[in-house]
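Here's the structure, in structure tokens; my notes come after.
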Amino acid sequence: MDFYYYPGSSICRSIIMAAKVLGLELNRKVLDTTGGQQLNPEFVKINPQHTIPTIVDNGFVLWESRAILIYLAEQYGKDDSLYPKDPQQKAVVNQCLYFDMNTLYPSFVKYYPPQYRGAPADPEAFKKIESTFEVLNTFLENQLYLGKGDKPTVADIACLSSVSTFDAAGFDLSKYENVHRWYLNAQKVIAGWDENWSQLMELKKRKVDARRTTK
């Protein structure tokens with residue numbers, strides 16, 4: 001399975017973890033999106049939206065990370081624990097995936113990256129992060145996993161990638177007891193955590209080095 005990605009990207013790291021959980025080998029193809037490699041004609045032919053992550057599985061092309069997570073779980077899962085078949089359980093997993101896509105990770109993007117480019121911290125954007133984590137903390141009340149079951153799902157994988165990005169940026173997760181408990185457990189039970197974290201640290205180093213060279 002060809003896997004087009006950029007090392008360190010949150011949505012790409014979620015696919016790597018899912019593949020590890022499922023025991024899948026990925027033929028990794030790095031696209032340096034900071035240099036515009038995703039606009040190469042060869043890649044645009046594969047994905048006209050020229051976004052990462054993108055997979056090509058025996059000729060089947062798919063992009064958008066949460067769609068890829070669902071596809072991998074349904075196509076290669078030994079059971080339905082990663083993506084339940086029960087309509088209500090599936091709906092909860094979908095709800096959490098959409099929460100990650102529309103609320104959790106966007107709150108990171110609106111606060112941290114502008115500062116990497118030299119902008120001052122936006123207190124209103126930080127309040128949005130805090131309110132987002134309060135919602136996540138409430139959702140995880142008396143729950144070990146986001147899917148309301150006894151095993152991690154693709155929603156846990158997606159949100160683990162996002163929450164670890166906040167952690168690497170220095171956001172204090174300990175203020176949110178349920179999130180913190182979930183986060184520590186997820187690190188232990190979701191395969192690929194070590195690579196997820198090491199990619200984050202490498203990405204963080206690249207950003208620090210880039211800021212130094214522009215000063």
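The values are calculated or read from the model by the stated rules, or taken from the named source; none is laboratory data. Because the structure is predicted, anything quoted here is derived from the model rather than measured. Virtual Cβ from ideal backbone geometry, glycine too; neighbours counted across all protein chains shown. When the accessible area is computed, the model is the full protein with side chains, heavy atoms only, and any ligands, DNA or RNA have been set aside. Shrake-Rupley method; radii C 1.70, N 1.55, O 1.52, S 1.80 Å.
Annotations for the structure displayed:
- Scan of segment 61-93 for residues that are in a loop (DSSP other than H, G, I, E, B) and closer than 15 Å to Thr153 by Cβ, ordered by number: Gly77, Lys78, Asp79, Asp80, Ser81, Leu82, Tyr83, Pro84, Lys85, Asp86
- Which numbered condition Ser107 misses (of (1) within 14 Å of Ser162 (Cα to Cα); (2) in contact (Cβ under 8 Å) with a residue 40 or more places away in the chain; (3) not acidic (Asp, Glu)): (2)
A quick yes/no check of all residues on (1) assigned to a helix (DSSP H, G or I); (2) open to solvent by less than 50 Å² (accessible area, probe 1.4 Å); (3) free of Cβ contacts under 8 Å to residues at least 40 places away in the same chain:
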site: Gln143; (1), (2), (3): no, yes, yes
site: Ala158; (1), (2), (3): yes, yes, no
site: His180; (1), (2), (3): yes, no, yes
site: Asn196; (1), (2), (3): yes, yes, no
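- Pair list, Cβ < 9 Å and 6+ apart or interchain, from segment 13-36 residues that are basic (Lys, Arg) to residues that are in a loop (DSSP other than H, G, I, E, B): Arg13/Pro7; Arg13/Gly192; Lys20/Ile190; Lys20/Ala191; Lys20/Gly192; Arg28/Pro7
- Filter pass, Gly59 being at positive phi, at pLDDT 95 or above and surrounded by fewer than 18 Cβ atoms within 10 Å (Cβ to Cβ): yes
- Leu173 being over 25 Å from Asp79 (Cβ atoms), among the hydrophobic types (A, V, I, L, M, F, W, C) and at pLDDT below 95: no
- Among residues of segment 9-34, those that are within 18 Å of the chain's Cα centre (by Cα), farther than 16 Å from Tyr71 by Cβ, hydroxyl-bearing (Ser, Thr, Tyr) and part of a helix (DSSP H, G or I), counted: 2
- Only one of the numbered conditions (1) among the aliphatic types (A, V, I, L, M); (2) in a helix (DSSP H, G or I); (3) closer than 25 Å to Glu74 by Cβ; (4) touching a Lys or Arg at 6+ places or on another chain (Cβ under 7 Å) is violated by Ala191, and that is (2).
- Residue check, Glu134 among the acidic types (Asp, Glu), surrounded by fewer than 16 Cβ atoms within 10 Å (Cβ to Cβ) and in contact (Cβ under 8 Å) with a residue 40 or more places away in the chain: yes
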